[in-house]
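Here's the structure, in structure tokens; my notes come after.
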Amino acid sequence: MQTKHFISVKAYPAIDLSQTAEFFSLPLPEARESSIIVEGKKLSEIFKYDAGQKKVHIFSFGCIVFEDMEIDETDKFFEIIQPLAGEPDYRMLMRYREGHDSVVTEDGMIRLWPESDGPLFPPGIELSHTIAAVLAKSTALSKEEEDLSTLLNEANKHINRSPEGIFRAGTRMYAKTMARIVRFEKESAAGFGIFDRPASTGRKLLLRDAYDTLADYYELDERYELLEQKAEQLRNIVRSGSMDRLRRQETRLLAFETFLIALFPLSHILGTVLDKFGIRELLNVIFTNLLQKLNIMR
């Protein structure tokens, strides 16, 4: 038996597939497709030798899956695409990476993972891309899980410091929290379409079965639903803080308006008191004399 090895890394926030396809002289991906594949002759031209069955699966949400490639080959590939995508985020790349092995049996069939007791699948580029798609989504989810957990912990710290049990933070922290929520919704829900199969996979029942089996193995649906719950919890925390912020601003404005309104009768009363006791005339005499002395001194 042989083993096919996949390595998925989160290397960029996002990758423009149209520019990537043009860069490698590949056909533009379908509207529903969020990835392209570099293989065969194109990959051999990059490495200057026969790449054999090696493949690179590039996903629009910033993940790249290397199939049967060595570390020096992955480094070489990143050097090649640097003019297109820029230098990868090496800190993110090292932190969010996952490996997956599938097994080629003696009769050439594919077992999705070594311990799988499920059905075997015929080999082919579409099957390998199905495996790569699930692995890439799992890697992207890992980053979202950590980012959202970190943000939720930060929000809870501000709640713990507040005696009212609500989100209390400065304007910058509030804006940062809301921006991260919006980015999560954009990148996770719309960006890597956790519930969407690749276009090529959706056309064949066997590939759909393979995708669903692997998606269940990596618990994609459960993990995403948990992320949505955390995101909603975070939205509720920030929403409560926003409402409290608005109430405090309204209270300050009302107090200031009350103070301004109180100035009108207070000035009238003060003027009446000054006139009654002759204090106004006394003050006029004092200030007049003072001004006269100042003019003399000049």
(request) Among the numbered conditions (1) surrounded by 11 or more Cβ atoms within 10 Å (Cβ to Cβ); (2) at pLDDT 90 or above; (3) not in a helix (DSSP H, G or I), tell me where Ala132 comes up short. (result) (3)
(message) Give all pairs with beta carbons closer than 9 Å in which a residue from the range 62-83 that is outside any loop (DSSP other than H, G, I, E, B) and hydroxyl-bearing (Ser, Thr, Tyr) meets a residue that is modelled with pLDDT of 95 or more and surrounded by 17 or more Cβ atoms within 10 Å (Cβ to Cβ); count only pairs at least 6 apart in sequence or on separate chains.
(response) Thr74/Ile7; Thr74/Val9; Thr74/Val56; Thr74/Ile64; Thr74/Phe66
(request) Considering only the range 28-70, state which residues are touching a Pro at 6+ places or on another chain (Cβ under 6 Å) and either under 20 Å from Tyr96 (Cβ atoms) or not aliphatic (A, V, I, L, M) (or both). (result) Gly62
(message) Testing Glu106 on (1) part of a loop (DSSP other than H, G, I, E, B); (2) within 33 Å of the chain's Cα centre (by Cα), one condition comes back false. Which one is that?
(response) (2)
(request) Of the conditions (1) touching a residue at least 40 places away in the same chain (Cβ under 8 Å); (2) touching a Gly at 6+ places or on another chain (Cβ under 9 Å), Ala51 clears all except one; give me its number. (result) (1)
(request) Only residues that are closer than 22 Å to Thr201 by Cβ and in a loop (DSSP other than H, G, I, E, B): list them for the range 1-23, please. (result) Ala14, Ile15
(message) Under 8 Å between Cβ atoms, which residue pairs at least 6 apart in sequence (or on different chains) link something in the range 203-218 that is farther than 16 Å from Glu98 by Cα with a partner that is modelled with pLDDT of 90 or more and part of a helix (DSSP H, G or I)?
(response) Leu207/Leu127; Leu207/Thr130; Ala210/Leu127; Ala210/Thr130; Ala210/Ile131; Tyr211/Thr130; Tyr211/Ala133; Tyr211/Val134
(request) Working carefully through the options Gly170, Gly165, Gly124, Gly108, find the one that is modelled with pLDDT under 85, small (Gly, Ala, Ser) and closer than 19 Å to Lys54 by Cβ. (result) Gly124
(message) Against the conditions (1) out of contact with any Phe, Trp or Tyr (no Cβ under 7 Å at 6 or more places or on another chain); (2) polar (S, T, N, Q); (3) surrounded by 20 or more Cβ atoms within 10 Å (Cβ to Cβ); (4) outside any helix (DSSP H, G or I), where does Gln53 fall short? Just the number, please.
(response) (3)
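Would you confirm, using the coordinates I've provided, whether Glu98 is among the acidic types (Asp, Glu) and either assigned to a strand (DSSP E or B) or touching a strand residue (DSSP E or B) at 6+ places or on another chain (Cβ under 6 Å) (or both)?
On the way: among the acidic types (Asp, Glu): yes; either assigned to a strand (DSSP E or B) or touching a strand residue (DSSP E or B) at 6+ places or on another chain (Cβ under 6 Å) (or both): yes.
So Glu98 passes the test.
Given the residues Gly99, Gly86, which is the only one that is under 15 Å from Ile7 (Cα atoms) and surrounded by fewer than 16 Cβ atoms within 10 Å (Cβ to Cβ)?
On the way: Gly86 fails: under 15 Å from Ile7 (Cα atoms).
That would be Gly99, the only listed residue that is under 15 Å from Ile7 (Cα atoms) and surrounded by fewer than 16 Cβ atoms within 10 Å (Cβ to Cβ).
The values are calculated or read from the model by the stated rules, or taken from the named source; none is laboratory data. All values derive from a computational prediction rather than experimental measurement. Neighbour counts run over all protein chains shown; Cβ positions are idealised from the backbone, glycine included.
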